[in-house]
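The values are calculated or read from the model by the stated rules, or taken from the named source; none is laboratory data. If you're wondering where the values come from, they're calculated on a predicted model, not measured in any experiment. Glycine also receives a Cβ, built like all others from the backbone with ideal geometry; neighbour counts cover every protein chain displayed.
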């Protein structure tokens, strides 16, 4: 299938089929876009050839596909947890973000312990890791509830921009 159809035009069943086909292509050492060998010169889009299924920049639709696929491949079905369980997991990650920020503050005021990160960069990296976990769980909660998180972010951002009379908009 490749990228000829937009993700938002696909049914959940079609997305699952696409993910399975991409995974099989990966396992066979093929590009998950054109299904040709990675070293092939026959593809019109060689920049899309990759040896692992990863995204280089955040795209909520790609995140959703990969996130649900990984969850259901190695953990459990999205529907196995209630929205409350997904929210609790997300809240746990939010607490971890706060704890990492607390350790940054300790470093800044000289009260950090030997167990805490010892440099500003280590603190920032820890915060980044926990924020990523938070976003991943937020997306899984949104998936469980059928929410398009990317569109929800665009809508909320633009609503606040309008309310505050900002010209900044997301599309």
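Residue-by-condition table, conditions (1) surrounded by 13 or more Cβ atoms within 10 Å (Cβ to Cβ); (2) within 30 Å of residue 72 (Cβ to Cβ):
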site: 107; (1), (2): yes, no
site: 113; (1), (2): no, no
site: 130; (1), (2): yes, yes
site: 141; (1), (2): yes, yes
site: 144; (1), (2): yes, yes
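State all residues of segment 39-75 that are modelled with pLDDT under 75 and surrounded by 15 or more Cβ atoms within 10 Å (Cβ to Cβ); if no residue qualifies, say none.
Hits for segment 39-75 are 43, 46, 49, 53.
Mind listing whichever residues of segment 128-171 are part of a loop (DSSP other than H, G, I, E, B), free of Cβ contacts under 8 Å to residues at least 40 places away in the same chain and closer than 16 Å to residue 64 by Cβ?
146, 147
So residue 111 ticks every box in (1) within 28 Å of residue 19 (Cβ to Cβ); (2) modelled with pLDDT of 95 or more; (3) outside any helix (DSSP H, G or I) but one. Which box is left unticked?
It fails just one condition, (1).
Tell me, yes or no, whether segment 81-100 has at least one residue that is modelled with pLDDT of 70 or more and either in contact with a strand residue (DSSP E or B) (Cβ under 8 Å, 6 or more places away or on another chain) or more than 27 Å from residue 127 (Cβ to Cβ) (or both).
Yes: one or more hits.
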